[in-house]
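Input: a single structure, listed below in structure tokens.
The values are calculated or read from the model by the stated rules, or taken from the named source; none is laboratory data. The shown structure was predicted, so the numbers you read here are calculated from the model rather than taken from an experiment. Here the Cβ positions follow ideal geometry from the backbone for every residue, glycine too, while neighbour counts run over all protein chains shown. When the accessible area is computed, the model is the full protein with side chains, heavy atoms only, and any ligands, DNA or RNA have been set aside. Shrake-Rupley method; radii C 1.70, N 1.55, O 1.52, S 1.80 Å.
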Amino acid sequence: MDNRIEQFAVGVTRAIDRRSFLRKAAGNAFKVAAVLAASGTLADLLATPAYASCGGAAGAGCPKITDINGHVVSRGCGTSRCCSYLNGRPSSCNCASGTTCKSITGYCYGRNTNDYATGCWTCTVVTKRSGSCYYGYVTTCCDCKTNASRCSDPNEGGGYGTCIGWTSTYKLLGC
């Protein structure tokens, strides 16, 4: 593995790990950077329907990007649909505004904290290298509870489904 890329991956992980909000995502950020550095493929890590899939498959309507190796990957939100992707669902099923989960009677029930204490995670996907500098997207995603039947989301128990709200920033990641 290229030593500079390894140092970059460790640096990103350390920076993310300093924030308790992102502590759970730090390991995934390191894995993504390490796999990209080794020119490997990324497995779609599925623990639950809305598990953070940094660099893996994206849910319906979720943001995709071409990574540094030329693969089309998720910016970090997968595998559930993103809340704004309605595709025949009622507009009340758009249960997020960015990373804020809405409460709409009979449709949206706020943030889903079943998988993460905060209900959110952050992923970093490297998209470009220029000299010794790396650029990419830092995306924060949040699980939002939906009415499984009204919003046509997989039932995760108790009649609740999940959609994902997100925000993303393109920036210099390090040199």
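Coupling constants for segment 144-149 follow from the phi torsions by the Karplus curve (6.51 cos²θ - 1.76 cosθ + 1.60, θ = phi - 60°), and in residue order they are 10, 6, 10, 7, 4, 6 Hz; glycine and proline get x. Close amide H partners of residue 174, meaning residues 5 or more places away or on another chain with modelled amide H under 5 Å apart, are 134. Would you mind classifying segment 74-124 by shape? Square roots of the alpha carbon gyration tensor eigenvalues, ordered a ≥ b ≥ c; an a/c under 1.5 is rounded, otherwise it is prolate if a/b is larger than b/c and oblate if not. Taking the square roots of the gyration eigenvalues as a ≥ b ≥ c, segment 74-124 is oblate. Protection proxy ranking, highest mean first, for peptides 81-87, 97-103, 169-175: 81-87, 97-103, 169-175, where packing is the per-residue count of other beta-carbon atoms within 10 Å, averaged.
Based on protein heavy atoms only, segment 44-175 ends up with 43 Å² per residue of surface accessible to a 1.4 Å probe. Rounded to the nearest whole Hz, the Karplus-based 3J(HN,Hα) values (6.51 cos²θ - 1.76 cosθ + 1.60, θ = phi - 60°) of segment 157-170 follow the sequence x, x, x, 8, x, 9, 10, 10, x, 7, 9, 9, 10, 8, with x at glycine and proline. Counting only heavy atoms of the protein chains and using a 1.4 Å probe, residue 126 has close to 10 Å² of accessible surface.
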